[in-house]
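Here is the structure we will look at, set down as C-alpha cells.
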Amino acid sequence: MPGYLRMRAAPLLLFCLMLLLNAAGQQTSFSVDSLKKVLSRANSDSAKVLALIELGNATGCDNSKAKLDYLMKALNLAESNNYKNGIVNSERIIGEYYENCLHQFDKAIERYNKALVNGGETINTPDRFMLFNKIAGCYTLKADFSKALEYYGKILNLDIGRDTVIQILAGSGVLYQNMGDLPRALKHYQQAYNLLHEDIVSETETNVDDTLTLMGLKHQIAAIYAAIPDFERAIQSYQEIHELNKNIGYSWFTAWGDMGIGDCYLNMGDYNKAIGYYLKVVDEIRKIGGDKNQQAEYLTQVMNKLGEAYHALGKIDSAFSYATQAMKMAEGENRNTPLKTQLPAIYTTVGKIYTGKRQYNMALHYLDKALAISMETGATDKRSNVWLALSSVYEQMGRNADALKAYQTHISLRDSLYSNKKLQELTRIDMLGDFERRQLTDSLKRAEEKVAANYKLQRQKLLTYSGFGGLVLLLLLSFFIFRGYRQEKKTNTIITNANNAITEEKRISEQLLHNILPEEVAEELKEKGTTAAKYYESVTVMFTDFVNFTEAGERMGSQELVDELHTCFKTFDTIMDKYGIEKIKTIGDAYLAVSGLPVPNANHAQNMVMAAIEIRDFMLQHRSVLQDKTFEIRIGIHSGDVVAGIVGVKKFAYDIWGDTVNTAARMEQSGVAGKINISQSTYDLVKDKFSFSYRGEIAAKNKGNLRMYLAEPVA
C-alpha cells in the first residue's frame, strides 16, 4: 500500500482498508492465452466486450499499453452497441488501470465517475458501493481527506450491510485523525467498536477476523489517547493489545504497538526509552518479511522518529543520518510515488537539525516545504509543529517579529487541536462509548472470554492462512474487505430509543460538569451527588501577576486591555493543558494553577516549572513586539500540601486552600519581573532538573524570611 496514506500516530486502519484497492484488478480467473481464444470464438458483441474486459483485467501493469488497448476496445464496442453493463465495467477497469498501474488518481476518479453516470439507476447497490469506495480510496491516496469523507458519506446512505457500516465508520475515523479532528475520529472509532463488540457478544463463536478487527480499533483509540495527550493511558492500551496479541502472534501488531509506545516516550521526553522501542521496531519489521515496499514505508516512519529522538539528545550526526534516510525513502527513491503525508514530519525534523547546525537557509527551505504539504493535506497537527520550528529559526536569525508571529500561529493551531472544549468532547465521546457498551445484553468481559476461548483455534487458522503469502495481510481487517455484503445477522439496534434519550441527557449534564470541574471530581459528583474536599500531601502551586497592570490599563483602554488579557490567559491555558496542570481561577490579572491534583503526579514540581518557563518565554517574546501594549510578568511557585474541593451550592467552583497557596502568592509578590521565583521546597524537588540563581533569604509579608531561587532551563 502506498505509504503516504498513513499518518504519524495511526497507520493501521488505512493500511488495511487500502489493501482492497491494491488487490482490485489483480485477481484473474483465466490466463491471457485462454482469454484470447475466448475472444476469437465470441459470436456476439456483448461476448466480445466481456472477453476484452477480462483480457484487460488479466494483463499485468508491466504490459500497460496492451492492457489499456484491450480495455479501450471493450469500451468503444460497448458504447457503439449501447451495452450499459459493458460500458460501466470497462470504465471501472480503466479506472483501476490508472489507479493501480499509473498512480494517476485524478484520471482514475474521472473514469469511476463515468461508470456511475453511464450506469445511472441500473447500477445495483454492491457495484455503487464499490465505485464510491474506489473514489474515496483515490481521494485518500491524494491526501484529499474531505472529498474522501464525502464519498464515505454517500456509502452510508446506501442500503448496505452492518459489516460495511463498520468498515466505513473505521475508515472515516482514520481520515478525521489525519485531518487532526480527534473528537470526530474517536466518535467514529467508538461507533465501529461498539457495533463489532455487539457482534462478538451475539455470535456463538468468535473468529480471527473479529478479534483482529477489534485489536485494530483499540490501536486507533490508543493513538488518540497519545495525541490528546494522555500518554499513561495510551501506553496501557498498547500493552493491553500486546497481551491479546500474544495468543494470536500477528507480527505487525507487535511492531505497531512498540511504535506507539515509542511515540509516547518521545513526547514525554524520555528519549532513550523511545530510541530503545524504535530500534526494536526496526528489527521487528525486518523480520516480518513479505512486501519490501510495505516494509520500507514503515521503516521510513521509524527512521524519522529515531532522527527526532537523537536530535533531542543533541546527537546531531546520528539524527541527521536517520532523518536523511527517512527523507530519501519518503521522497520516492526507488518508488513510483512519494509518501506524501509522511513528508511534513520528516522535513520538520530535517529543518530542526539544520537549525541546530546554524544553517538557517537550509532549515527554512525544508520547513517551508513541510508547511506547504501540511497545508495541502489539512494536517493541522503537523502545521502547528512546523510553525513552532520556524519560530525557533527566526529567533536565532534575529527576526523577532517573524518569530513571534510564527509562535502565535503555532499556539493558535495547537489550541484548535487541544483546546479544553475539544478535550472535554473527547472525554464525553469516550464515556458515551463506554455507556453504550454497558447497555448491551452481555458485557465486554463476556465477549473477551469468548475470544480467549477461541485463541487456539484462531492461531491455527492464522498459521494456515500465512501459507498464502500476501493473503495473511488481508486477515488483519478482513471485516473491512471480505464481509461488506454478507447478509445482515440481525436487525435490532444497539440500544432502545429510551436509552438514547438517557444518553443524551447524560451527555448534556457531563458537558456542563466538565466545563467547571476536573474530570475526577465531576465523576464523583455524578456517582454520589456530592463531593468531599480532599487533602493532597504534595502539590505545586503557581501564581502569576502582571507588573504595573493599572498603569497599562490607563494606556490601553478598557476593551484593548481585556482583549490582551484574553490573549495571554488563553496561551497560559494551553500551556497548562500541555503539562496536565489544573487551572484553578483568574483573579483580575492574577492566574492561579496547581500541579499534582486531582490525580497525584510525582513530577508535579518539574511540570510546573517547565510550564512557568514557557509562560515567561511567551510573555518576553510577546512584549518584544507589542512593547507597552502588553505586560511584564512575575511568577511565583511553591510546593507543599493543600486541601481542594468545591465551594458553595450555586455557581459552585473548584478551589484550593492552605498555607502552600499563601506562600506561592508571597513568592510571586517577592519576585522579579520576567523571572520565575521558587521556594526552597520546590527547589529541593527540581534542583537537578534546571539552573538556579540563589537569592538568599528575603522577607515576605507575614511569612518571615524565605529562601528563594530564580529558575532557568538548563543551558
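The values are calculated or read from the model by the stated rules, or taken from the named source; none is laboratory data. Note that the structure is predicted; figures quoted are calculated from it, not measured. When we count neighbours, we look across all protein chains shown, and the Cβ atoms used for this are built from the backbone with ideal geometry, even at glycine.
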Residue in region 321-334 that is of a type in the set (Ser, Thr, Tyr) and within 18 Å of the chain's Cα centre (by Cα) present: no
Strands (runs of 3 or more DSSP E) contained in region 599-709 and holding at least 2 residues surrounded by fewer than 16 Cβ atoms within 10 Å (Cβ to Cβ) and aliphatic (A, V, I, L, M): 632-647, 691-700
Qualifying residue in region 215-223 (condition: at pLDDT below 85, of a type outside the set (Gly, Ala, Ser) and part of a loop (DSSP other than H, G, I, E, B)): no
Residue count, region 581-633 (criterion: of a type in the set (A, V, I, L, M, F, W, C) and over 30 Å from the mean Cα position of the chain (by Cα)): 8
Test: residue in region 669-684 that is without any contact (Cβ under 8 Å) to a residue 40 or more places away in the chain and basic (Lys, Arg): no
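With crowded, with 20+ Cβ neighbours inside 10 Å and among the basic types (Lys, Arg) as the only criterion, which of Lys134, Lys147, Lys154 stands out?
Residue meeting the stated conditions: Lys134.
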Matching entry among Leu371, Leu390 (being assigned to a helix (DSSP H, G or I), of a type outside the set (Asp, Glu) and either over 21 Å from Asp144 (Cα atoms) or touching a residue at least 40 places away in the same chain (Cβ under 8 Å) (or both)): Leu390
Any hit, region 68-78, residues being in a loop (DSSP other than H, G, I, E, B), surrounded by fewer than 21 Cβ atoms within 10 Å (Cβ to Cβ) and either out of contact with any Gly (no Cβ under 9 Å at 6 or more places or on another chain) or at pLDDT 80 or above (or both): no
Subset of region 164-179 [in contact (Cβ under 8 Å) with a residue 60 or more places away in the chain and either buried (at least 24 other Cβ atoms within 10 Å of the Cβ) or assigned by TED's automatic domain parsing to the domain that holds Ser374 (or both)]: Ile166, Gln167, Ala170, Gly171, Gly173, Val174, Gln177, Asn178
Candidate set from region 547-566 (those that are more than 40 Å from the chain's Cα centre (by Cα) and of a type in the set (S, T, N, Q)); member that is farthest from Gly674 (Cα to Cα): Ser558
Candidate set: region 353-405, residues that are out of contact with any Asp or Glu (no Cβ under 9 Å at 6 or more places or on another chain) and among the aromatic types (Phe, Trp, Tyr); chosen: the one nearest to Ile228 (Cα to Cα): Trp387
Odd one out for Ile160 among (1) in contact with a Gly (Cβ under 8 Å, 6 or more places away or on another chain); (2) under 27 Å from Lys340 (Cα atoms); (3) in contact (Cβ under 8 Å) with a residue 24 or more places away in the chain: (2)
